[in-house]
Amino acid sequence: MRAILLIPVLTAAFALSACDQGGEAITATDNRAAPDTGVAAQVAKLDETQRNGVLEKAIHAAGVACPRVVKSERMEIATGVMGWKATCDNDSAHLIQILPDGTGKVTSRTH
């Protein structure tokens, strides 16, 4: 396993995804240890397709191979720390914690 701290890459992705945010927002509320704030709250409001795109960009920025994120799920990635598990189409899995300032912490595992 390796952990990589990213430069705030998510801000640009949010700007792009915010362009098409009509209708009712979807929020992830299951398994929350504490309410999300800042950028993490914005990611939680994205639909799955948009969220997968944001997580894919974070994984790529970490320099990890992930052709496409095919699934993302909210989970406790460390005791009391909520984040996302992203599964790629190359069978790799990544845990991503989004800090309030938009910095992502990516921990990657490959089979």
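Computed from the coordinates by the stated procedures, all read-outs in this text should not be read as laboratory data. In this text the structure is predicted, and so the values were computed from the model without any measurement. Backbone-built Cβ (ideal geometry, glycine too); neighbour counts: all protein chains shown.
Of note:
- Whichever residue in segment 55-75 is assigned to a helix (DSSP H, G or I) and without any contact (Cβ under 8 Å) to a residue 40 or more places away in the chain and, among such residues, is surrounded by the fewest Cβ atoms within 10 Å (Cβ to Cβ): HIS60
- Among the criteria (1) without any contact (Cβ under 8 Å) to a residue 40 or more places away in the chain; (2) over 16 Å from THR107 (Cβ atoms); (3) of a type in the set (A, V, I, L, M, F, W, C), the one LEU95 does not fulfil is (2).
- Matching residues, segment 76-101, being of a type in the set (A, V, I, L, M, F, W, C), touching a helix residue (DSSP H, G or I) at 6+ places or on another chain (Cβ under 9 Å) and assigned to a strand (DSSP E or B): MET82, TRP84, ALA86, CYS88, ILE96, ILE98
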